[in-house]
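First up is the structure itself, then whatever we jot down about it.
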Amino acid sequence: MNTDPSKIKRALVTGASGGLGRAIALRLARDGLHVIVHANRRLEAATALADEIIESGGSAQAVAFDLTDREATHAACARLLDAGPVQVLVNNAGTHDDAAFPALREPQWRGVIDVSVNGFFNVTQPLTMPMIRTRWGRIVNISSVAALTGNRGQVNYAAAKGALNSATKALSLELASRGITVNAVAPGIIESGMAQGTFDRATIERLVPMKRAGRADEVAALVAFLVSDAAGYISGQVISINGGMV
């Protein structure tokens, strides 16, 4: 692990206080990145994770701000940039508020869109120019199988993640010549995540050819590869990790 602070790349993982974000933060820290553990309101959970990373020999810090609040997010990003560019950004924060479409209320629609789409915009834009100046960067957006196949009761969630996929492809074109890759990861049914507790074993065996739910560390391993030097020629892709679901 590189212990020279001036050589360590800084990674912001949004929504890292949740199960999937936690796994991603732990993996990136293990791979030698300084991890900025983000939470919305659960600063104590983010701080505990940052402390865990530090105690295991890694480098981390905790931050809390509301991604849907543009001014608060920009202010938080400005404080982070005081210490240097953030060259790795994992847009993991997301939420779901499910309902059959005829019963879907406007706050449910707006709330889900706000976190995934507006949150992506609010945090990614202020970090982009400093990243461009370094001529190296990695942006990974956490999407969902729901954006690719649809899912009953999740029109709002599928729309939000579908927009994120399209933004991934467009932004990758803008940043490709600057040494920055932009990709999306689309998990299927994952044990630690929004799907946890939603699908029973029989449903999983019916939906997933591998007959099991995925693990958060498996998603984290894919994210870790995409932010590595080895993935420098991969950009603009939406990569599924779902046990063979089509």
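Of all positions in the stretch 7-14, none carries a residue that is at pLDDT below 95, within 19 Å of Asp217 (Cα to Cα), surrounded by fewer than 19 Cβ atoms within 10 Å (Cβ to Cβ) and not β-branched (Val, Ile, Thr).
Residues in the stretch 206-228 that are over 20 Å from Asn141 (Cβ atoms), touching an Asp or Glu at 6+ places or on another chain (Cβ under 7 Å) and not in a loop (DSSP other than H, G, I, E, B): there are none. Among the residues that make up the stretch 145-161, is at least one of them outside any helix (DSSP H, G or I) and crowded, with 19+ Cβ neighbours inside 10 Å? Within the stretch 145-161 (the criterion being outside any helix (DSSP H, G or I) and crowded, with 19+ Cβ neighbours inside 10 Å), the answer is yes, since at least one residue qualifies.
Could you check, for the stretch 203-210, whether at least one of its residues is under 14 Å from the mean Cα position of the chain (by Cα) and not aliphatic (A, V, I, L, M)? No, there is no match, as no residue in the stretch 203-210 is under 14 Å from the mean Cα position of the chain (by Cα) and not aliphatic (A, V, I, L, M). Taking Val182 and the conditions (1) over 26 Å from Gln87 (Cβ atoms); (2) modelled with pLDDT of 95 or more, which numbered condition does it fall short on, given that it satisfies the others? Only one criterion is unmet by Val182, namely (1).
Scanning the stretch 70-85 for residues that are assigned to a helix (DSSP H, G or I) and hydrophobic (A, V, I, L, M, F, W, C) returns Ala72, Ala75, Ala76, Cys77, Ala78, Leu80, Leu81. Restricting the stretch 86-104 to residues that are part of a loop (DSSP other than H, G, I, E, B) and within 18 Å of the chain's Cα centre (by Cα) leaves a set whose member that is surrounded by the most Cβ atoms within 10 Å (Cβ to Cβ) is Gly94.
The values are calculated or read from the model by the stated rules, or taken from the named source; none is laboratory data. Remember, predicted model here, so these are calculated numbers, not experimental data. Note that we place each Cβ from the backbone using ideal geometry, even for glycine, and neighbour counts take in every protein chain shown.
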